[in-house]
Amino acid sequence: MNKILFTHISAIAVCSLALLCSCNHNSDTKVANDPVYNDLDTTVKPGADFFKYANGGWLKKNPIPSAYSGWGIGYLVDEELRDRLKKLNTDALKADAPKGSDAQKIGDFYFSGMDTVDIAKQGIAPLKPELDRIAAIKDVKGIVVEFAHLHDIGVETPLGAGVGQDAKNSDKNMLYLNQDGIGLPIRDYYYNTDEHSVTIRNDYQQKHLPAVFKLAGLSDADAAAATKNIYALEKSLADSSRKIEDLRDPYHNYNKMPLAGLTKLCPVVDWKSAFDEMDYHNVDTVIVGQPEYYRALNNALQYYSVADWKNYMLKNVVTAFSDELSKPFVDENFRFYGTVMYGKKTQLPRWKQVIDNENGLMGEVLGKLFVKEFFSEKAKQRYVDMVAAMRQSFKEHIEKLDWMSASTKEKAIFKLSKVRPKVGYPDKWKDFSTMVISRQPYALNVISANNFWHRFEANKMGKPVDRDEWGITPQTYNAYYNPSNNEIVLPAAQFTIPGIKDEDVDDAVAYGYVAASTIGHEMTHGFDDQGRQYDYKGNLKEWWMPEDSVKFTKRAQMLIDQFNGYEVYGLHVNGKATQGENIADLGGIAIGLDAFKKTDQYKENKTINGLTPMQRFFLGYALGWLYEERKEATRSGLLTDVHSPPFLRVNGPFSDVPEFYEAFHIKKGDKMWIDPDKRVKIW
Ligand SMILES: [Zn+2]
C-alpha cells in the first residue's frame, strides 16, 4: 500500500470520525483502483457540498478540455468509444468490403467526411440542387411542398410532423404535429431578459444569421434584410410556442382531430398533399400538440412574403448541413452553437467530428460490433439481476407508502410488474440495407442517411408498433423510460466505469452508480408527474384515485419548491420543468438504497479504503454525476434542459434522504441540511 493512500484515509477519518470508529478497522480492505476513493476532495465537508467532496479530487486534476462544453464521466466513456470506433472505421477503409455491406458504409462515410481537400473545393456546391429548388418557388403552395421535401432530408421545417405511438392507444402509430421551426433552441430565447439569453439573441441577429446568409451567397445588404425578416418570422412562431414546463402535461399536448380539424386550424397548408409528399399516406386523423402554434403558422404563411420564406428555408438548409461543408461553414456553425451557446473554445479534431456524426446516423451498425467486443454475458446478467432487485425494492416501497390508497397501490404494483427492461443491446438489430452511402460529397451522404431515417419512421404508419425497437444505441452513455411501452432501456455503455473492469466494481458502488442513478431513476419515471398518467399498457388513462393524485402533487410541489430555491450563475433552476427528473433521482436513490441493503456487502458491513458500504453507495451515485460544465453550458441547460445541473442531481436529492445524513454525519448548520419536516419523500 502506498503512503498517499494512508494519508487520504486519515483525512477521511477527520470528516467522519464517529462512523469510522464504529467499524472494524482490522477488516478494512485496501484497493488501489477504487473509483470512489481516489477522487475524493477531503478538504470539503460532505455536508457542505457532497458533490465536491465526492468528485472534487478528480475535477481539480481534470480541467475541461478546450473542445468541450463540459467534462466528466460520460465524456470519458465517449472518448474510449471514439477510439474503438476509429479502429472500426480505419479497418473498414482498408478492407475491400462488398458494396452495401455495413463495412462499406462505415468506411465510405468516414472517407467522405475526412476528405477535407475535396470538401474545401466543393464549397456549397453539394447543396446546389436544394438551393435551386428553393430559388424556383413562386407561391405559398410551393413553400409548403418544399417544407415537405426538406422534412424528408432531415431539415427543420415549421410543419413539425412525426410518427409516434398514440398516447391513448399505444398499439397504434399516429402522425403527431408539434411546434417547431425556430432557430434558437426554445421560445424563451426570443423573450428572456437574463444576460445569457440576451447575449445569445443579440449574437444570433447581429452576427450569426448575417454570416449564414452571406455564406449562402447573399450580398451584405440582402443578408441584413433577410436577417431582420427571418428573426421577426421566427419570433412570431415563438410567440405561440409553449414553454418547456407547459409541454409536460400529456393531456394538454394531446389534441386528436380529423384532417379537417387541422385544416381549420391552418387552412393555408394543403395538408393532404404535404403528408403525401412526406410519405405519410392515407392520413385521416392527426394528434396536434399545440393548436395555437398552427394558427400562428397559418398567419405567418400569409403575413411573410414568399421571398422571406425562401430565405428562411435557405438558412435552415445551410444550418442543417454546415458541418458537412467547407471550413467557413463549419467555423460559423461552431462559433455560434459551440462557443456562444456552450462556451467551447476549439473544435474537436476532424476525425472525432466525423465519428460522432456517423455514430448518430448509423449507431446500431457500430453498436453491433461494440457489444460483441466490450459487453460480456456475465456483465449483462449482473444488471438483469439488478433490475429484478430494484423492481422488488420498488414494490416494497409502494406497499409501505402511507399516502397512497390500497386500490391505487394495487394498480401501481401491477404497472411496475409490467415494466419491460431492455438491458445492454437490442435482441433484434435495425436493417440498414436501404441506406445508401458512397464516396460522394460528405453532405450528400448525410442527406442520404437522413432520408433513410425519414423513410424508416414514415414506414411505421399503419403498421403494428414494434415494441422491440431501441430508441438509442448500446454505446450511448444514457438511458430512458418510454411511457408508451412502459419500458426502461439501459444501454451497455451506461454500466461502464472508465478504467475499471465490471467485475472489479463492488456492489455498493454499482448499486449507487447503476441501480439508483439509472435503473431506479428510469423505473420511477413510470410514476413521475408525467409517467404516472399512463397505465401498464402505456396508454394515457386515469388510474389513480383522485385523492392519491392530490397527495402526490403536494409532495411533488415540495420538490419543485426545493429546486426553485437553487440558483446557479444568476439563474434559478426551473423546479416545475425539472420535477420529473428530480422525482426520478430521489426515487431511484430511495429504492436503490433498500435494494442494496439486501446484498452481502451491506450485511457484512466491511470497509473498503476506510469507506463503509453505505458511504460507498452514496459515492457510487455521485460518481454517476461526475461532471463539470462551462458557465455558458450550465446557463443553456438551466433554460432548455428538463434535468437539473449535475451537482444538484447529487446534492438536491441527497438532502432529502435520511440514510445520507446518517452515513456522513450531517448536522444542523451544514449547508446541505434540510429540516426533517421539509425533506421530501415520494417513493
Ligand atoms: Zn430521467
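Summary of values
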item: Chain lengthening between TYR480 and LYS554 when straightened (0.36 nm per residue, less Cα-Cα); result: 24.1 nm
item: 5 Å-binned pair-distance histogram of the stretch 121-361 (Cα, whole percent); result: 1, 6, 12, 17, 18, 17, 14, 10, 5, 1, 0
item: At R0 = 35 Å, FRET efficiency that the Cβ-Cβ distance of ILE674 and GLU604 yields, to 0.05; result: 0.65
item: Degrees, to the nearest 10: 291-303 long Cα axis against longest axis of the chain; result: 30
item: Computed label-point distance, nm, for sites VAL198 and TRP351 using a 7 Å Cα→Cβ extension; result: 4.5
item: 1.4 Å probe accessible area per residue over the chain, in Å²; result: 41
item: Size of electric dipole in the stretch 121-361: Cβ of Lys, Arg +1 and of Asp, Glu -1, about Cα centre, debye, nearest 20; result: 400
item: Computed E for LYS138/ASP220 - FRET, C-beta separation, R0 30 angstrom, nearest 0.05; result: 0.70
item: Order by protection proxy (mean Cβ within 10 Å, highest first), peptides 382-389, 511-518; result: 511-518, 382-389
item: Unit charges on C-beta of K, R, D, E only; dipole of the chain, Debye; result: 340
item: Heavy-atom accessible area order for TRP625, TRP453, TRP403, largest first, 1.4 Å probe; result: TRP453, TRP625, TRP403
item: Percent carbon-and-sulfur accessible area, the chain, ignoring ligands, DNA and RNA, probe 1.4 Å; result: 54
item: Contact order relative to length of the chain, as percent, for alpha carbon pairs under 8 angstrom and 6 or more apart; result: 22
item: Förster-model FRET efficiency, 56 Å R0, ALA260 and LYS94, C-beta, rounded to 0.05; result: 0.45
item: Selection from ASN609, VAL514, TYR191, by position along the positive dipole direction of the chain (Cβ); result: ASN609
item: Between helix 220-239 and the chain: long-axis angle, C-alpha atoms, 0 to 90°, nearest 10; result: 60
item: Euclidean distance of C-alpha centroids, the stretch 630-683 and the stretch 534-606, integer Å; result: 12
item: Accessible-area value, LYS60, 1.4 Å probe, nucleic acids and ligands omitted, Å²; result: 140
item: Unit charges at the beta carbon, dipole of the chain: most positive-side option, ASN253, ALA67, ALA663; result: ALA663
item: Helix axis angle, 442-458 relative to the chain longest principal axis, alpha carbon, degrees; result: 80
item: Cβ-based net charge around MET362, under 13 Å, with every Lys or Arg adding one and every Asp or Glu removing one; result: -3
item: Inter-part distance where the stretch 355-372 and the stretch 296-350 are each reduced to a Cα centre, Å; result: 26
item: Kirkwood Rh (inverse of mean 1/r, distinct Cα pairs), the chain, angstrom; result: 27.0
item: Dipole of the stretch 121-361, positive direction: furthest Cα of SER240, GLY160, ALA135, with charges on the beta-carbon; result: ALA135
item: Gain on full stretching of the segment that runs from LYS235 to ASP284 - 0.36 nm per residue minus C-alpha separation; result: 14.5 nm
item: DSSP beta bridge pairing in the chain, given as percent antiparallel to the nearest 5; result: 70
item: Largest to smallest accessible area among ASP528, ASP83, ASP502 [probe 1.4 Å]; result: ASP83, ASP502, ASP528
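The values are calculated or read from the model by the stated rules, or taken from the named source; none is laboratory data. Note that the structure is predicted; figures quoted are calculated from it, not measured. Positions of Cβ are backbone-derived with ideal geometry, glycine not excepted, and every protein chain shown enters the neighbour counts. All accessible areas refer to the heavy atoms of the entire protein, side chains included, with ligands and DNA or RNA removed. Shrake-Rupley method; radii C 1.70, N 1.55, O 1.52, S 1.80 Å.
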